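Step one of this worksheet: look at the structure below.
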Amino acid sequence: MMWVLYLCGAMALLVAPSVAVAEALRLRREPDDVGFWVFARQVEGRCHVRWGRRQSPIVRLPLPNAEGRARAVSLGRGVHAVEVRTWLPSSVGFAGRVCLPPAPPARWQAPGMRVVEAETPLDPTASMESTDPDRLNRLVSRRPAAEALSQLAGKAAVVEWKINGRLLALRTRPADPMSAAAVVEALGGATVDALRVLLVEAAELATALAESGEAPPPRACAGCGRPQGEDPWQCPGCGEGLHRGCREMTEGCAQASCRLTADAPPELGA
């Protein structure tokens, strides 16, 4: 009977790797899934196939005075989210995170990142963190921004908005597990619509800060606008300077033209 126990043990050890391999093979097929192309047409974007393990196609799309990049993000166990990123003409000078419903503080920690009490028309159940509470409140107190986030939360189970200097990233997740292509088709359009509003509001704040002399100083961290003296990191791709915590928050470089951004298109050599 010992051989039966050995066989059961071997099968148990093989289950997890087999599931991982099956998921990887499914994700590799999904760049050809019609869901990405449906989403690209919805937002007047272009779809690029990224090669490599567990990587999503990137849909590049026009936003107000900016370019957006959308992709599917694997969260494991068949769960996927859609993320759209864009870049401001100038920095808002802080790092921040807004979550609906509320989420625990993130595992990364940009220098000075702390929980913020909302003083805004934003949904009171939202959680907020920032290196500059006043600036984050100034941003989400703009009614169009607060309404865009709240309306998006009515369509997605989880909404997370990250601000890192010039970089804006908006991520949404459905209530039930979906494939990468299905979640992009289901939530991509609404996520892009919300980011269009947030981009305009953040750009106006960044312009106001620059005109009032409150813009970040030269050589400041590209993610949070603070001096880089504490735990600095220099991007090996473009030389941009960030704190290590800010680099983790942005999941790579914060510069749109760098090949080490989380969503670098193929021509950048990612």
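Give ARG247, ARG171 a once-over and let me know the one that is in the same structural domain as ASP33 (by TED's automatic domain parsing) and touching a strand residue (DSSP E or B) at 6+ places or on another chain (Cβ under 7 Å).
ARG171
Assuming CYS221 fulfils every condition listed in (1) touching a residue at least 40 places away in the same chain (Cβ under 8 Å); (2) out of contact with any Cys (no Cβ under 8 Å at 6 or more places or on another chain); (3) not basic (Lys, Arg) apart from one, which condition is it?
Evaluating CYS221 over (1) touching a residue at least 40 places away in the same chain (Cβ under 8 Å); (2) out of contact with any Cys (no Cβ under 8 Å at 6 or more places or on another chain); (3) not basic (Lys, Arg) leaves (2) as the failure.
Filter the range 203-226 for residues that are in contact with a strand residue (DSSP E or B) (Cβ under 9 Å, 6 or more places away or on another chain) and at positive phi and give the result.
Across the range 203-226, the qualifying residues are ARG219, GLY225.
Output the number of residues of the range 63-89 satisfying the condition of being in a loop (DSSP other than H, G, I, E, B) and buried (at least 18 other Cβ atoms within 10 Å of the Cβ).
Within the range 63-89, residues that are in a loop (DSSP other than H, G, I, E, B) and buried (at least 18 other Cβ atoms within 10 Å of the Cβ) number 1.
Return the residue satisfying two criteria in turn: it lies in the range 82-105 and is out of contact with any Ser or Thr (no Cβ under 6 Å at 6 or more places or on another chain) and among the aliphatic types (A, V, I, L, M), and of such residues it is nearest to GLN228 (Cα to Cα).
VAL92
The values are calculated or read from the model by the stated rules, or taken from the named source; none is laboratory data. Here the structure is a predicted model, which is why all the values come from computation and not from measurement. A quick note on method: Cβ atoms are made from the backbone with ideal geometry, for glycine too, and the neighbour counts reach across all protein chains shown.
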